[in-house]
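Quick notes on the structure that follows.
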Amino acid sequence: MWLAMLALVLNSVEAANWAVLVAGSHTYENYRHQADVFHLYQILLSKGFPRDKIITMVYDDVKDDSENPFPGQVFNMPDEAGPGVDVRAGVDLDYTGDEVNVANFVGVLVGNSTTGGTGRKLDLTVGDDVFLFYVDHGAPGILEFPDGDVLHTTEFQELLREIESQKKYGRFMIYIEACNSGSILEGLSTDLRIYGVTAVGADRPSLGTYCGYEAVVNGVTMGTCMGDLFAVHFMDYLDTGDGSRTLGDFFYVVKEEVAIYAGLHYGRQEGLQYGDIASFEKFTLSEFFYPDPATAAVGNLTTFRRPKFVKPKAVYSAMAAESERLQQTYREASAVPLRDGEWKFQKLKRATNRLQNKIQNQENVQNTIWKMIKRAYKGHDQAEQARDIAWRGQRRPERPSCEKAVHKALVRSCGTKADMTTAYALQFHQVVVNLCGDDSLGWGQDPSLGETGADRACRKLDEDEATVV
């Protein structure tokens, strides 16, 4: 008996805090996701997280993007008159570029082999606590990765059960910032010692902030959103506290702050909790986020200067942000173009083309989804009603094989003409869920039928284009 008690004591002494930080997107229009991860990395270091206990997965392309007015730097907070704080500086990355994929994500969490990168993964001893932060685009039942592949909620929750079966971690905490993120953790078991928080519920978009004319550093407009509303608020709470507050306080304060800003500027955004809420609400932040604050600065942070928190003035849904940033560029370029020389004309031409291409792409997405619905119910006895249910219905994502197969077919077959990996396109994934869940179509039982429907809808784009005179 005493040996068992001694083992428990030793395990508690040796237990460590781990963090896995993932940005599942790329391109400059998704700047905010990488900025969130970089900033959170810096905060964890400042609270005493050892570098070797933080695993990062970030495409890392925005710092060198041609649109970035500050090459090599990334900011998570605006600083209108000052130089801003580069949150990318000093961040160690484990998986970048194409290494940020579903297979490596799974490998990192379960401790299996990974491809490329540093090869680092969770190397848990009994009792270790794990914090997972994932930020990117989502849709009903899926989280997206940069290559267009997705992780389904059923796969993710099976993954969590596999990790729990290893009996190594002490407690596991998950924060997800993505549209429809609640759909990923719905139904999460309460007996896995896992606690999850999502930026929104299963049926809402998440919101970006520090966008448009608010996204300014040293007098220069960034041309993108710099942060996500939920992420910047929960990071501010972490950064300014002393660790004595509870996770319950943490959740409800951040939820209220986010809801207030969203209500004033957009509509509604409310975070939700899942899993073992009753147990985790009582734990203090210091147990998860402040491993060793007394020695945090020693060997961790040498040059990092904390960004001053800026209260958001406006918010944008992820779908609207994609075209809004291009509309801003166009408005500026089209203002009195005859006052300036050729450079202004060339800027206006580029801005016009980019905005037109974005709108055309979004129109192609709409048309493709509608054509897929119409083809699915061609000859149906109640075709009009069936199409309406497919377009407006809210079926739950319970057919992972079909839903993933159809999504991959759309990504593959539509290509760049109708980019199905954007936040704008992913909102239509609910239609895929609805079609896969309609037993009268048989897609759920035979996903190849859904793949064929997706392929034909995408090919119709080329047919329509060929008929234009």
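With only Lys, Arg, Asp and Glu charged, each at its Cβ (+1 for the first two, -1 for the last two), find how big the charge dipole of segment 173-256 is about the Cα centre; round to the nearest 20 debye.
Working: 4 positive and 11 negative charges, 19 e Å.
It works out to roughly 80 debye.
May I ask you to list the lysines whose Cα is less than 25 Å away from that of Lys282, ignoring any residue fewer than eight positions away on the same chain?
Partners within reach: Lys47, Lys53, Lys167, Lys168, Lys255.
What does the extension gain come out to for Glu363 and Leu159, with contour length at 0.36 nm per residue minus their alpha carbon separation? The partial results should precede the final answer.
Working: separation 204, 0.36 × 204 = 73.44 nm, distance 3.64 nm.
So the extension gain works out to 69.8 nm.
Would you kindly enumerate the cysteines in the chain that have no other Cys beta-carbon under 4.7 Å from their beta-carbon?
Cysteines of the chain left without a disulfide-compatible partner: Cys179.
Determine the gain in length on full extension of the stretch Ser440-Asp462; use 0.36 nm per residue of separation and subtract their C-alpha separation, reporting nm with one decimal. Could you put the intermediate results ahead of the total?
Values: separation 22, 0.36 × 22 = 7.92 nm, distance 2.89 nm.
Here the answer is 5.0 nm.
Considering all alpha-carbon pairs of segment 335-467, what whole percent are spaced by more than 17 angstrom?
Working: 5348 of 8778 pairs.
Counting pairs separated by more than 17 Å, the tail of P(r) holds 61 percent.
Which residue, Gly271, Pro78, Leu238, has the largest displacement toward the positive end of the dipole of the chain when charges sit on each Cβ (Lys, Arg +1; Asp, Glu -1)?
Selected residue: Pro78.
Extending each Cα 7 Å along its Cβ direction at Asp249 and Ser286, get the distance between those two points in nm, one decimal.
That separation, rounded to one decimal, is 1.2 nm.
Measuring from label point to label point, each 7 Å out along Cα→Cβ, what is the Asp92 to Arg412 span in nm?
Using points 7 Å along Cα→Cβ, the separation is 3.9 nm.
Give the shape of segment 24-130 as rounded, prolate or oblate, defined through the alpha-carbon gyration tensor: a ≥ b ≥ c are the square roots of its eigenvalues, a/c under 1.5 means rounded, and otherwise the shape is prolate if a/b is larger than b/c and oblate if not.
Details: a/c = 2.86, a/b = 1.53, b/c = 1.87.
Oblate is the answer for segment 24-130, as a/c is 1.5 or above yet b/c matches or exceeds a/b.
Take each uninterrupted DSSP H stretch in the chain, measure its Cα extent along the helix axis, and return the ones at 15 Å or beyond whose mean Kyte-Doolittle hydropathy is at least 1.0. Spell out each step's value before the answer.
Values: long enough: 2-14 (18 Å, 1.57); 31-46 (23 Å, -0.01); 153-165 (18 Å, -0.72); 229-240 (17 Å, 0.74); 247-265 (27 Å, 0.68); 318-334 (25 Å, -1.01); 342-376 (51 Å, -1.39); 400-414 (21 Å, -0.09); 447-467 (31 Å, -1.10).
Qualifying helices, which must be both long enough and hydrophobic enough, are 2-14.
Once you have the Cα-Cα distance between Lys168 and Thr190, take 0.36 nm times their residue separation minus that, and quote the gain in nm to one decimal. Show your work: numbers first, answer last.
Details: separation 22, 0.36 × 22 = 7.92 nm, distance 1.75 nm.
Value of the extension gain: 6.2 nm.
Take every DSSP beta bridge with both residues inside the chain and express the antiparallel ones as a percent of the total, to the nearest 5.
Details: 17 of 43 bridges.
Percent antiparallel among DSSP bridges in the chain is about 40.
Apply the Karplus curve 6.51 cos²θ - 1.76 cosθ + 1.60, θ = phi - 60°, to the phi angles in segment 177-191 and return the couplings in whole Hz, x for Gly and Pro.
Going residue by residue, I get 10, 6, 4, 6, 5, x, 5, 7, 10, 4, x, 4, 4, 8, 10 Hz, with x marking Gly and Pro.
Given just the C-alpha atoms of the chain, how large is their convex hull per residue in cubic angstrom? Each step should come with its number before you reach the end.
Working: hull volume 78.2 nm³, N = 469.
Convex hull of Cα atoms, per residue: 167 Å³.
Taken together, the values in this text are just the output of simple stated rules run on the coordinates, not laboratory data. If you're wondering where the values come from, they're calculated on a predicted model, not measured in any experiment. Using ideal geometry, Cβ is built from the backbone for each residue, glycine included, and neighbour counts are taken over all protein chains shown.
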